[in-house]
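**Q** I'd like to ask some things about the structure below.
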Ligand code: SF4
């Protein structure tokens, strides 16, 4: 088993794979009648492909790649709005590098930068704050993007800007939350899901209880998981054991980093700065109720939507997704990336057509990057 | 983009702003420690933390830090994060 060299602890990997195989047999899952496990987090999607876990685990397990890559679920309309803000002459637009290549209707941020907009890739919203301090005559806008893991960073930054009385700093808020899309997927009658591997770094902030509704209301197990390959195998095993035993619970595989109740300081900062939007649009999934956050009126001075009269502040808007792009079907697990007619042809990581091809956390990019190189030896 | 990188807090740099210097894989980077500073801010010095977009999000032990770093290297994320940090510095200087 050459593949096992890849693991930090090949013996442990083999032992876990053997246990997984045994439980899959006990459940009676087969390639024709597989157990469907959704890994929610894009980091997990990347790790699954990087280590070929989809090939190493028995054919009776089918991974469905969830909506947990913030770049991948960013709707076109929001990219267009970014470009619109960034093209204002007084603006320095700051963003995480991941978002640069997401296609918009007219152009991506990358193309807007090439066309002369002052767009800067930063590592942290704190870099954007510092730019605002150093450039008092410019408007510095930070593109706030990400799930609960990232949301505290912009909340703390806005609080800091308020304390300093900075007037030339604002956040274009696109923060989204994990539980609502999971609920939307579970409510979709076409979706067949038997259990979840949950994002550990989200729970590091919010704890494990926001997922209580999954076993309680839908009778499905969820395991909060770390992203090391052994964490993932362990978590898959825990999901399978619950299914075999007829249990449905929230279990914490990543307790060494994830406290049951999350991080109190981060939760308090989020609650102080943000409130849920009535609804927010997800690429491929449409509008989902209370799935996005907006800046509370008390911090309206730091809300780029208010400052520039853009986005949801400008009223409802509809933007069509690109024709021939199957991102929505891939995102809901109804289609494999390779079955999208654009895959590897009109759509590649170098020239992405859909957002799932943009970052290594997107299912299409992960397939493309690792599809040929995945280990082919079956699990023993 | 939701993964953190382990770093060790080496000094408090600006207590009022909750800022401290972290050593991330040999690279020095100022980070905000508000999420982990539950007591006096000096107490974070010497601790290992998972650092995400400039914020120390969770305290971890040294062994966990080493394992996490290895997993990040395997995914190519460690290098990406260090590059993002360098890009952030360049953005401040306007040299991007
Ligand atoms: S291959 Fe491209 S267009 Fe097709 S689903 Fe994936 S990202 Fe969308």
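Laboratory data are not the source of any read-out in this text; all were calculated from the coordinates shown. Since we're looking at a predicted model, the values are computed, not measured. Glycine gets a Cβ as well: all are built from the backbone with ideal geometry, and neighbour counts include every protein chain shown.
**Q** To check my understanding: the extent here is largest minus smallest coordinate of the Cα atoms along each principal axis. What are those three numbers for the protein assembly as shown, in Å, largest first?
**A** 66, 53, 40
**Q** Can you give the mean number of other chain Cβ atoms that lie within 10 Å of the Cβ atoms in peptide B:48-55?
**A** Details: counts 0, 0, 4, 1, 9, 14, 10, 12.
For peptide B:48-55, the averaged partner shielding equals 6.
**Q** Give me Rg/Rg_expected for segment A:89-175, where Rg uses Cα atoms only and Rg_expected = 2.2 N^0.38 Å with N residues.
**A** 1.06
**Q** Let me make sure I get this right: for segment A:226-285, a, b and c are the square roots of the gyration tensor eigenvalues over alpha carbons, sorted descending. Under 1.5 in a/c it's rounded, otherwise prolate if a/b > b/c, else oblate. Which is it?
**A** prolate
**Q** I'd like to compare B:56-64, B:87-95: which one has the highest average count of other Cβ atoms within 10 Å, and what's the full order after that?
**A** Final packing ranking: B:56-64, B:87-95.
**Q** Further question on the same structure: Which order do the peptides A:349-361, B:14-26 come out in when sorted by mean C-beta neighbours inside 10 angstrom, highest first? Before the final figure, lay out the partial values.
**A** Working: A:349-361: 23.3, B:14-26: 16.7.
Descending packing order for the listed peptides: A:349-361, B:14-26.
**Q** Can you work out D for segment A:44-192 in µm² s⁻¹ from Stokes-Einstein, where Rh is the Kirkwood radius over C-alpha pairs, the temperature is 20 °C and the viscosity is 1.002 mPa s?
**A** Value of D from the Cα-based Kirkwood radius: 124 µm²/s.
**Q** Over segment B:5-95, calculate the relative contact order: mean separation of alpha carbon pairs under 8 Å at least 6 apart, over the residue count, as a percent.
**A** The value is 25 percent.
**Q** Looking only at A:158, A:37, A:27, which one moves most when chain A is put into a Gaussian network model with springs between Cα atoms under 10 Å?
**A** A:27
**Q** Follow-up. Using the C-alpha gyration tensor of segment A:214-332, what are the square roots of 5 times its eigenvalues, in whole angstrom, with the largest one first?
**A** Numbers: eigenvalues 238, 103, 35 Å².
They are 34, 23, 13 Å, listed from largest to smallest.
**Q** Cα gyration tensor of segment B:5-95, axes a ≥ b ≥ c as square roots of the eigenvalues: rounded (a/c below 1.5), prolate (a/b > b/c) or oblate?
**A** oblate
**Q** Quick one: work out the % antiparallel among DSSP beta bridges in chain A, nearest 5.
**A** Roughly 20 percent of the DSSP beta bridges within chain A come out antiparallel.
**Q** Indicate the gyration tensor shape class of segment A:74-119 (rounded, prolate or oblate), computed on the Cα atoms with a ≥ b ≥ c the square roots of the eigenvalues: a/c under 1.5 is rounded; otherwise a/b larger than b/c is prolate and the rest oblate.
**A** prolate
**Q** Relative contact order (percent) for chain A, with alpha-carbon contacts under 8 angstrom and 6 or more residues of separation?
**A** 22 percent
**Q** Work out the mean other chain Cβ neighbour count within 10 Å for the residues of A:137-149 and drop it here as an integer.
**A** Averaged over the peptide's residues, the number is 1.
**Q** Would you mind computing Rg(Cα) / (2.2 N^0.38 Å) for segment A:1-78, counting N as its residues?
**A** Details: Rg = 15.0 Å, N = 78, 2.2 N^0.38 = 11.5 Å.
The reported ratio for this selection is 1.30.
**Q** Report the residue, chosen from A:180, A:58, A:229, that carries the largest GNM mean-square fluctuation when chain A is represented by alpha-carbon nodes joined by springs under 10 Å.
**A** A:180
**Q** Right, next: What is the distance in Å between the Cα centres of segment A:73-98 and segment B:32-90?
**A** So the two Cα centres are separated by 27 Å.
**Q** Could I ask something else about it? Taking every residue in A:355-368, how many Cβ atoms of other protein chains lie within 10 Å of its Cβ, on average?
**A** 1
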